[in-house]
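Asks: Sending over a structure as structure tokens; questions will come in a sec.
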Amino acid sequence: MGEALKIRTACRQCHGGCGVIAHVRDGKVIKVEGDPDSPLSHGTLCSKGLSVTQLAYHPDRILHPMKKTGKGWERISWDEALDTIKEKFEAVIAEYGPESIVIGQGTGRDYESHLYRFANQLGTPNVLTAGHMCYVSRVASTLITVGNLPICDYDGGPKCIVMWACNPQWTNPDEYKGEGFWRAYKKGAKLIVIDPRKGFLANKADLWLQLRPGTDGALAMGFHQVIIEEELYDRDFVENHINGWEAFKERVKEYPIEKVEEITWVDKNLIRKAARMYAKTKPACIHWGVPTEQTNNCTDCTRAMTGLMAATGNLDTRGGNVLFVNPPTRTVAEFSRHKDLSREQRAKRLGGDRYKLGARVAFITPKVAWEAILTEKPYPLKAGLLCGTNPVSTRANAREAYDALDKIDFLAVIDLFMTPTAELADIFLPAGTWLEQNHVADNWKRHGFVVARQKCVEIGEAWQDHKIFQELGKKMGQEWWETVEDGLDYLLEPSGLTWEEFKEKGYLQGEMVYHKYSERGFSTPTGKVELYSTVLEKWGFDPLPKYTEIPESPVSTPELLDRYPYILNAGLRTPTFFHSANRMMPWLREIRPDPIVEIHPETARNCGIEDGDWVCIESPRGKARERAKLNDGIHPKVVVAEHGWWYPEMRDPGHGWDISNINLLTDNSHESMDPAMGATNLRACLCNIYSVRDSNGMMK
Amino acid sequence: MEKVSLSFYKKDCMGCHACEIACKQEHGLGVGPRLVRVMEKAPFYEPVYCHHCTKAPCLEACPVEAITRTGNGIVLIDGETCIGCRECLEACPFGAMQFDAEAETAVKCDLCTDRLAANQAPACSSVCPTRCIIWGDTARKVPDRIATER
């Protein structure tokens, strides 16, 4: 047995970035530890990252390319796999044009630069991502408002933190890593938590605002109401740096505090208290979570929250929400050659004329992809390549996603396991885990860091995702590099470092500059914070933020309450899983063996449900089975259910995708989406819940 | 010799389970025995772990003296000596004693003695995102933490 080699790398079990030291012995990773020298995670690591050896060496992992035949899946060579995709794609291009090929990813795991580079050179504008309702939508809305995504400056020492719909240490922390937040909190920052569910942080908070799911946008307007009424805003900032402050003030008048209380279910005095605490404690930052985007109010909610940062003078200020400067590397936009996609092809982007803000950041909402496959309108999608995504589990109206992917003529997937989505494909390409890749990680984020993810091992014939796009692209005559590392040299070029030099360094940090706007203004058409958006106005949307009622709610569809009396708050995150991933990992599944739906004890009594019962949750669109867990920290009218569940242990090709799939209940109709973004209401709809104790549990 | 023990500052345990996985990885344990475990009842979390008791009930219950306490206070079990009778599981007031069905012996937290010898924190403590797992001279450290922390 050889001595263990210690390799510094970066996790990607969620969006990644936490520093890891991998111990490699005899060509195998035997354990991983947190890297105390990581500037982002300081040695901490979560259950997901710590379990990576069970992911990388899982017996079910597919370690060679496969093709589906009449007799099932058969092993093939990389050459055959890539040649097959090339031939199919070329045939589609010849007959229908490149726009009839959809390239897709899931939540995005540090390969968007390569995925988009492939799609752009292929000539398809149809890139299907989670961006319509997750993070990229936040980026899109803030780009048109302040020119960049404002992120909490935890190292700058906020004195008040508004944790808005997020549990950063419990689940995926996006930019921030939970570490920074925790240190700031421990130093004594006041904490305001906005969450329908009383979690760890809500319990710790100075103020907890238990809002009705999906009404975040109205609550933000309520904060503005208090701040304007009590003149708590930063007079100099609003006069000099906000476009349309007077018009915005008029809009806010439409949200008297009593009305906001009625919409959000949050006591008006508590709203007042929270708004005052946020506005008066300097500096203060807002840490936002993805539920603020996963409604029809996606754009407006993000813009109203950005407005809070601006109005209180907390924007681009030490300890506030900062527009971080990234280290000098090539951006995703440049690396992926967005500019090379012709105007003509861009104009063909599905839904592009409708969801203009989404189109601006180069994604399509899944609905338009499913429609193009199922109805061939406005033109057919005939082939697809999906990377690290399981839309039959994670997208609204999962049934439609399943039907579409079942129907598409040709589908190739890149993944680690044979997921329910992968089972619908014709070609399976085996991806490497993060232990098997070299990458300049976090380059797509906006938190001012890039970190080195270094290859520790190679396993089977798996390739890192980046290499798959590169080699397929090369086969199709695209411009790429000899090796993945050559591409990383190109990405790093502006920093003056090669990949080899960078990986020795471990990370780069951008320059920290506050108040950049005082010299150069904001990167918006007016150079100001566009609370009144000239961009949205030009596109024919309401230029001012507002709250639009959730399309299916006690307010908008009271006629459904007889059959569906509860509000489903879907998508409860857990520490052990990331969306539809990790259910096959024994250590993690031991902790959370079953999907959980949390209900208030009073609701349980009314429904005849006992703790631990298998229950059926049902909406007008479908149903899912999960196990009830009683929690008096949620509203009796709200049930909170986990998402992403399928059962890898079920060996049939469906792997139980439709048993506990909460997205069979969610809606993706055009009318229900955000009009500018195409965001779906993944978090809120109406439902009923009842015990299936007597019907043999979940009938697995 | 300085006494070494383990303690959780429960108010800061958020139920992320990172400690559990770090422990399993360190000790090469599969599904089954959980030398540290966090019970969930949001918003509260109850860590279950070996306190390395001064007067250890597991040690006293063991009929074959497989459980011993080292000079610096770490309570250890010798898998070779253990006969798998599970008396210690019943005796432990915390539920920290575990049974390894494969080896058919009781298993318990050894406070990562190998790591301690290499001047490293126990695996569970090393990864905790809220730093709520305290080890070392806990008799001194825990009151300190309670006095100074919010």
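Nothing in this text is a laboratory measurement; each read-out follows from the coordinates by a stated rule. No experiment lies behind these values; they were computed from the predicted model shown. Ideal geometry is used to build each Cβ from the backbone, glycine not excepted, and the neighbour counts take in all protein chains shown.
Asks: Grab the Cα-Cα distance for A:E87 and A:H64, subtract it from 0.36 nm times how many residues apart they are, and report the gain in nm with one decimal.
Replies: Residue separation times 0.36 nm, minus the Cα-Cα distance, leaves 6.3 nm.
Asks: Which shape class applies to segment A:452-565: rounded if a/c is under 1.5, otherwise prolate when a/b exceeds b/c and oblate if not, where a ≥ b ≥ c are the square roots of the Cα gyration tensor eigenvalues?
Replies: In terms of gyration-tensor shape, oblate.
Asks: Under 18 Å from the 7 Å Cα→Cβ point of A:E80, by amide nitrogen: which residues of segment A:419-447?
Replies: A:425-431
Asks: Report Rg(Cα)/(2.2 N^0.38 Å) for segment B:1-109, keeping two decimals. Each step should come with its number before you reach the end.
Replies: Numbers: Rg = 14.0 Å, N = 109, 2.2 N^0.38 = 13.1 Å.
Compactness ratio reported: 1.07.
Asks: May I ask for the angle, rounded to the nearest 10°, between helix B:18-27 and the longest principal axis of chain B, with both axes built from Cα atoms and the value confined to 0 to 90°?
Replies: It works out to around 40 degrees.
Asks: So, one more: Averaged across B:42-53, how many Cβ atoms of other chains sit within 10 Å of each residue's Cβ atom?
Replies: Across B:42-53, the average partner-chain Cβ count within 10 Å equals 3.
Asks: Along segment A:402-411, what does the Karplus equation 6.51 cos²θ - 1.76 cosθ + 1.60 (θ = phi - 60°) give for ³J(HN,Hα), rounded to whole Hz, x for Gly and Pro?
Replies: My calculation for segment A:402-411 gives 5, 4, 5, 6, 6, 8, 3, 4, 9, 9 Hz in order.
Asks: Going by a 4.7 Å Cβ-Cβ cut-off, which cysteines of chain B have no partner at all?
Replies: By the Cβ distance rule, which asks for a partner under 4.7 Å, the isolated cysteines are B:C13, B:C16, B:C23, B:C53, B:C62, B:C82, B:C85, B:C92, B:C112, B:C128, B:C132.
Asks: Moving on. With label points built 7 Å along Cα→Cβ from the Cα atoms of A:D37 and A:L232, find their separation and express it in nm.
Replies: Label-label distance for A:D37 and A:L232, simple model: 4.5 nm.
Asks: Let me ask you something else. Which of rounded, prolate, oblate describes segment A:530-633, given a ≥ b ≥ c as roots of the alpha-carbon gyration tensor eigenvalues and a/c under 1.5 marking rounded, otherwise prolate only if a/b is larger than b/c?
Replies: Verdict is oblate for segment A:530-633.
Asks: Give the order of A:S619, B:S7, A:S141 when sorted by the count of other beta carbons within 10 angstrom, beginning with the fewest.
Replies: Final ranking by Cβ density, sparse to dense: B:S7, A:S619, A:S141.
Asks: If you don't mind, another one. About the Cα centre, and with charges only on the beta carbon of Lys, Arg (+1) and Asp, Glu (-1), how big is the dipole of chain A? Nearest 20 debye, please.
Replies: Values: 86 positive and 95 negative charges, 202 e Å.
For chain A, the charge dipole is close to 960 debye.
Asks: Which order do A:R446, A:R520, A:R563 fall in if you start with the one that has the fewest other Cβ atoms within 10 Å?
Replies: A:R520, A:R563, A:R446
Asks: Using the number of other C-beta atoms within 10 angstrom as an exposure proxy, rank B:D12, A:D652, A:D409 with the fewest first.
Replies: On the way: B:D12 20, A:D652 8, A:D409 15.
With the sparsest Cβ surroundings first, the list reads A:D652, A:D409, B:D12.
Asks: Right, another one. Can you pull the three principal axis extents for the Cα set of segment A:127-237, in Å, largest first?
Replies: Principal-axis extents of segment A:127-237 (Cα, largest first): 43, 35, 32 Å.
Asks: Next question. Would you mind telling me the antiparallel percentage of the DSSP bridges in the protein assembly as shown, rounded to 5?
Replies: Counting only bridges with both partners in the protein assembly as shown, antiparallel ones make up about 60 percent.
Asks: Sequence gap of 8 or more, or different chains, plus Cα separation below 18 Å: how many lysine pairs satisfy both in segment B:1-139?
Replies: 5
Asks: Okay, moving on. What average count of beta carbons from other chains do you get within 10 Å of the Cβ of residues in A:43-55?
Replies: 5
Asks: Stretch A:R276-A:R183 to full length: gain in nm at 0.36 nm per residue minus the Cα-Cα span?
Replies: Details: separation 93, 0.36 × 93 = 33.48 nm, distance 2.36 nm.
Contour length minus the Cα-Cα distance gives 31.1 nm.
Asks: Further question on the same structure: Please report the projected area of chain A's Cα convex hull averaged over all directions, in nm².
Replies: Values: hull surface 115.7 nm².
One quarter of the hull surface, i.e. the mean projection, equals 28.9 nm².
Asks: Quick one: Karplus J couplings for segment A:467-472, per residue in order, coefficients 6.51, -1.76, 1.60, θ = phi - 60°, nearest Hz, x for Gly and Pro?
Replies: With the stated coefficients, segment A:467-472 comes to 5, 5, 5, 5, 6, 5 Hz.
Asks: Can you list the residues, at least 5 places off or on another chain, whose amide H is less than 5 Å from the amide H of A:L385, using H built in the peptide plane?
Replies: A:V102, A:I103, A:G104, A:A412
Asks: Right, here's the next one. Run the simple label-point estimate for A:V513 and A:E258 please: 7 Å along Cα→C-beta, distance reported in nm.
Replies: Between A:V513 and A:E258, the label points sit 5.0 nm apart.
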